[in-house]
Each structure stands twice: as C-alpha cells, then as structure tokens.
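Each reported figure results from applying straightforward, stated rules to the coordinates on display, with no laboratory input. Predicted model, so just to flag it, every value in this text is computed and none were measured. Here the Cβ is made from the backbone with ideal geometry for all residues, glycine too, and neighbour counts use every protein chain on show.
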Amino acid sequence: MRWVQFLILVWVTVVVQATLGGAVAFNMPLLGRIAPDLLAIVAVFVAVRGPNLQAVMKAAWVLGFAVDLTAVAGTGLPTVVGPMSIAYALSAGLIFQMREAIFGEQPVIQGTLALLFCAMSHLIWITAQAILGGGWQHYGSLIMQVIGISLYTALVMPVGFWALSRAHGLIIDVPVRRTVRSRRQAR
C-alpha cells in the first residue's frame, strides 16, 4: 500500500461523503437517512485489489476509524470509537479471503461484495453501539436502515470501483515482476 496517498484518499472520501453525500441521500419515513457508504466502496476496492491480507486489514481499519470519528451513533447516543474500525477490518478480511473464488471485475460481483461488506460492518456497528450505549429501543429500525444503506452502496459500487481502478497504481503498490535476468542474478 502507498500509505500517504491512501490517507489522502481517505480524507478526500470523508470530505466528499460529508459534503456531497447529502445531495444523493434521501430520507425515508420508516428508515431514516439512506446514503451510499463511500468509505465502504474504498474498503471493498482495497479488499479486492490489495497486495496482502495484512495491508488490506490495516487499510480497512483506517477507513473504519474515519467512519467512527465522523459518524453519529445509530442509537441516538454518543458514538463509541472502535466498533466500526474492527467491523471494517473483519469484513475486508473476509472479502480478501473470498477474492480468489470470485471474479471481482464484474459489476454484479462488485455490487454483491459491497452489499455483503456494508451489511456485515454496519450490523456489527449498530449492535456494538446498542450494547455499549444501552440503546436497543430503535434496533429494528436501524437494521432496516442498514439494509437500505447496503443496497444503495451496492448500486453505486461499480461506478466507485471504476473510478478507483483509474487510480489503482497511486493507491496500491503494483507488485514488481522479476525478469529472467534478475532471477539469474539472484542465484
């Protein structure tokens, strides 16, 4: 991973989600505010294209930490910092482990991975917030909101994946391929 560029990407994504995210969000009477999770899109991209499990989980932890620092708890209580970082890291680790069995370049697969990632990480988050904050009274409606956010993120994921693919070399180290000559010299 190219960590400086990645941290800049995280910052830009947080700013875009905080400022322009409201333009694509909508409020539903029973679900609340539904908007795509742009940081989840970056996390899924890194999980599919990342160099190794350790780098993917570190990057996802950073993305989750950014969510923890910028989000309000779903239970209406103060946000507990930490659960989303852990949820993002675990969810990205699962996506990374699955990537060998799937072809992540297909838009339908990208959307499915985003749906899975968002559902897992946000369900872990709202459950942790409810446990740590004691706010179970709205848990059912929060689950419905997680489903809405996950579906919306899944629909936006192919566009986000395409855009991030254009900057792949800036964010993620491209593995160096050894030539025949360098292999001979290594012997």
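Run lengths n ≥ 4 of DSSP H only: what is the helix-derived mean residue ellipticity at 222 nm for the chain, with -39500 (n - 2.57) per run over all residues, to the nearest 500? Counting only the DSSP helices, I get -23000 deg cm²/dmol. Taking every C-alpha pair closer than 8 Å and separated by at least 6 residues, the mean separation divided by the residue count of region 3-186 gives a relative contact order of 27 percent.
The Cα-based radius of gyration and maximum Cα-Cα distance (Dmax) for region 3-186 are 17.4, 67 Å.
In a simple Cβ point-charge model (Lys, Arg +1; Asp, Glu -1; nothing else charged), the chain has a dipole of about 1100 debye relative to its Cα centre. Here the relative contact order of region 5-109, from alpha carbon pairs under 8 Å that lie six or more residues apart, stands at 24 percent. Among 41, 95, 109, the largest mean-square fluctuation in a Gaussian network model of the chain, built with springs joining Cα atoms closer than 10 Å, belongs to 109. Among 168, 138, 122, the ranking by other beta carbons within 10 Å of each residue's beta carbon, starting with the fewest, stands as 168, 138, 122.
The label-point distance for residue 132 and residue 18, in a model that sets each label 7 Å from Cα toward Cβ, rounds to 2.0 nm.
Taking the chain as a Gaussian network of alpha-carbon nodes connected by springs under 10 Å, the highest mean-square fluctuation of the residues 151, 69, 113 belongs to 69. Each label point was placed 7 Å from the Cα along the Cα-to-Cβ direction; for residue 81 and residue 166 their separation is 3.4 nm.
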